[in-house]
Amino acid sequence: MSAMTREETEALIQEVLEVYPEEAKKTRAKHLAVNDQSVEQSKKCITSNKKSLPGVMTIRGCAYAGSRGVVWGPIKDMIHISHGPVGCGQYSRAGRRNYYIGTTGVNTFVTMNFTSDFQEKDIVFGGDKKLNKLIGEINELFPLNKGVTVQSECPIGLIGDDIEAVAKKTSMEIEKPVVPVRCEGFRGVSQSLGHHIANDSIRDWVLPARDEDNSFETTPYDVSIIGDYNIGGDAWSSRTLLEEMGLRVVAQWSGDGTLSEIELTPKVKLNLVHCYRSMNYISRHMEEKYGIPWAEYNFFGPTKIAESLRKIASYFDDKIKEGAEKVIEKYTAEYEAVIAKYRPRLEGKRVMLFVGGLRPRHTIGAYEDLGMEVVGTGYEFGHNDDYDRTIKEMGNSTLLYDDVTGYEFEEFVKKVKPDLIGSGIKEKYIFQKMGIPFRQMHSWDYSGPYHGYDGFAIFARDMDMTLNNPCWDAITPPWKKAAEEGQAEVAVGT
């Protein structure tokens, strides 16, 4: 349980809200809540997926980021064109460490940057012809690519470029799929709509390609990994466990994924969804159209891994159920050794999280396996079904904060005084300068993987290395420094 009572947490939220004008206070109050495990639906206590307040420091991204940076970008054998000005395109290059196997520039293109580099004349006269020429040139320069996606930036939607017509025309010319993605950044309230738009483009332009193809030989144990972006090798760690329990992983997307794997996904027996927020749309579509069930799973920490392996096995026969138990038994000594080493150093430490996708709830179990407590969590772009899943994972009276502003997050941290913060790159240096141990939990702070039993060992090491680093004793936050200087002046005067 958290050290704070419900009344103390409510008082903290009200204190932080006081700085806002009245209307802003009413709006932001809906996004801040005290966790109550007895609540069945989060909409009764917290609001999400709403437009951020103008003027506050939001940490969200845009729809283009959700499509290009998350869903489509890690698909390694396709070329993803950022259609628009170079600014967005420059920042679309594999910032999340989506690992892949292949030769960059030959048969894989994840870390390469392709942009139509819009200029003023393109805004005036349109960029359709430029895009058409660009796709042709790319196909000549990189003949082993398996297809192209066109990721629209904001100006494309504003001037009305017909990227669908260009896609159909160039697809026939290069005899490869060309997928138009209407993910202009201004759409929706965050990157979340970009995930949805990208899912819809896969539904409409990719999945039907092999509907009538029965040449692929299936087995009763075929599954897909959906919503794992292979950050630091996560998907590989997950795949190892699934294959060891007797399943065959037919498709893995988007991390280290290929166009062919995506096309074959409707042939599997079960879709396994790790990041619900970004991929639930396409999973629901395949359930409705192809009759493929889907299941969420969580491979952070041994407790959740065991729960997930057994849950996955429940969809199959005794062979797979026995395989799941063998996998759990195989790694028991390994993870027990990790806990024995690190839990004494981390026991009782308190963590605050603020990340996107699945991490604000999925990582809670891994921290708890190490004796740590998550006392605050929230999503950059979560929906209420994310908070529905989070309420039961969090302790009572802990903090929930949706689309938390820079000011709110700093004030919560000052009052709650967590031992560790897990958030993104935009917050990293603020809290480090405050002298608070911090892990960048979007891309594992250049470490990983964190999924699976092997990943848990790395996760535990990284949390210990960060939290117990002696450097924090050498950092004095500015407000403490001012107080110390004031005390020193008083002492001298005395």
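The values are calculated or read from the model by the stated rules, or taken from the named source; none is laboratory data. This is a predicted model, so every value here is computed, not measured. Cβ sites come from the backbone with ideal geometry, for glycine too, and all protein chains shown count toward neighbours. Note: accessible area is taken over every heavy atom of the protein model, side chains too, but ligands, DNA and RNA are not part of it. Shrake-Rupley method; radii C 1.70, N 1.55, O 1.52, S 1.80 Å.
Values as computed for the structure displayed
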item	result
The listed residue being in a strand (DSSP E or B), out of contact with any His (no Cβ under 9 Å at 6 or more places or on another chain) and touching a residue at least 60 places away in the same chain (Cβ under 8 Å), out of Val338, Val351, Val327	Val351
Identity of the residue in the stretch 118-156, open to solvent by less than 40 Å² (accessible area, probe 1.4 Å) and assigned to a loop (DSSP other than H, G, I, E, B), that ends up farthest from Arg187 (Cα to Cα)	Phe142
Filter result (closer than 21 Å to Pro449 by Cα and of a type in the set (Gly, Ala, Ser)) within the stretch 85-120	Ala94, Gly95, Gly102
The stretch 105-126 residues that are within 25 Å of Pro74 (Cβ to Cβ), paired with ones that are hydroxyl-bearing (Ser, Thr, Tyr) and open to solvent by less than 30 Å² (accessible area, probe 1.4 Å) (beta carbon under 7 Å, 6 or more apart)	Asn113/Ser92; Phe114/Ser82; Thr115/Ser82
Listing of helices (runs of 4 or more DSSP H) fully contained in the stretch 225-312 that carry 1 or more residues being farther than 30 Å from Asp445 by Cα and either touching a Leu at 6+ places or on another chain (Cβ under 9 Å) or without any contact (Cβ under 8 Å) to a residue 60 or more places away in the chain (or both)	259-264, 276-290
Criterion violated by Asp213 - all others in (1) surrounded by fewer than 18 Cβ atoms within 10 Å (Cβ to Cβ); (2) under 18 Å from the mean Cα position of the chain (by Cα); (3) not hydrophobic (A, V, I, L, M, F, W, C) satisfied	(2)
The stretch 313-324, residues that are outside any helix (DSSP H, G or I) and surrounded by 14 or more Cβ atoms within 10 Å (Cβ to Cβ)	Tyr315, Phe316
The stretch 165-193, subset open to solvent by 10 Å² or more (accessible area, probe 1.4 Å) and of a type in the set (Asp, Glu), residue farthest from the chain's Cα centre (by Cα)	Glu173
Condition met for Gly136 (at positive phi and in contact (Cβ under 8 Å) with a residue 24 or more places away in the chain)	no
Leading residue by the ranking (farthest from Ile225 (Cα to Cα)) among those in the stretch 69-86 that are in contact (Cβ under 8 Å) with a residue 40 or more places away in the chain and open to solvent by 10 Å² or more (accessible area, probe 1.4 Å)	Pro85
